[in-house]
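Only one structure is covered here, and it is reproduced in the block below.
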Amino acid sequence: MLYPGTVGNETPTASAERAETEAIEEVLALVRRNGGRATPARRLLLKALFGTGEHRSAEELAAEVHAQAPDVHLSTIYRNLEELERLGVIDSTRLGGGPATYHLATAAHGHLVCEKCGSMTEVPDDMFRDLIQTASTEYGFAINPHRFAVTGRCANCR
């Protein structure tokens, strides 16, 4: 039986791994077109970013890269994150008082952040459509939905 997106006798897991590899290669091609190099450290960082799809700090990403390549410095991770953000591959978000987190640039979304436990929930940008529109028309302010966070208390902490 073939699963959607599979090729031949490929399993869904193999298909997902192939799609991830293709996505990483597309990003590396973008990096090359913009004068960068497809370094082993950059490839490992992209694998970490594509692996979970979650918001992760530079230190968390560095720990995953270090598991494969202990000689990669944290400064290299930060430089790569800056370049990937400049190219529009990833977005950074500073939620509450914590460190910046990084995630793949996907459809615009906002964040609900619990002030007590720190949990974060991604919500579609249309949840804040009226607020985004009002901020723009009445105040001339453009909210960046990728970096937008509303703080409060989650269901467990209320």
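The values are calculated or read from the model by the stated rules, or taken from the named source; none is laboratory data. Owing to the predicted nature of the structure, the values given are computational and were not obtained by experimental measurement. Glycine gets a Cβ as well: all are built from the backbone with ideal geometry, and neighbour counts include every protein chain shown. Please note that ligands, DNA and RNA were not included when accessible areas were found on the heavy atoms of the full protein model with its side chains. Shrake-Rupley method; radii C 1.70, N 1.55, O 1.52, S 1.80 Å.
Structure notes:
- Sparse-neighbour loop sites [chymotrypsin sites (Phe, Trp or Tyr not before Pro); the range 111-158; at most 11 other C-beta within 10 Å; DSSP]: Phe141
- With R₀ set to 22 Å, the beta-carbon distance separating Gln68 from Ala23 gives a calculated FRET efficiency near 0.75.
- Sum of -39500 (n - 2.57) over DSSP H runs of 4+, divided by residues of the chain (222 nm, nearest 500): -14500 deg cm²/dmol
- Longest exposed-site-free window of the chain, the sites being GluC sites (Glu not before Pro) in a DSSP loop that have at most 15 other C-beta atoms within 10 Å: 55-114
- Accessible area in square angstrom per residue, the chain, 1.4 angstrom probe: 62 Å²
- Cα-based helix-to-principal-axis angle, 12-33 vs the chain, degrees rounded to 10: 80 degrees
- With Cα atoms, 0 to 90° folded angle of helix 58-68 axis to the chain main axis: 10 degrees
- Residues whose amide H lies under 5 Å from that of His111, counting only those 5 or more places away or on a different chain, are Val123, Phe148, Ala149, Val150; hydrogens are built 1.01 Å from N in the peptide plane.
- The radius of gyration of the Cα set in the range 31-158, together with its Dmax, comes out at 16.6, 51 angstrom.
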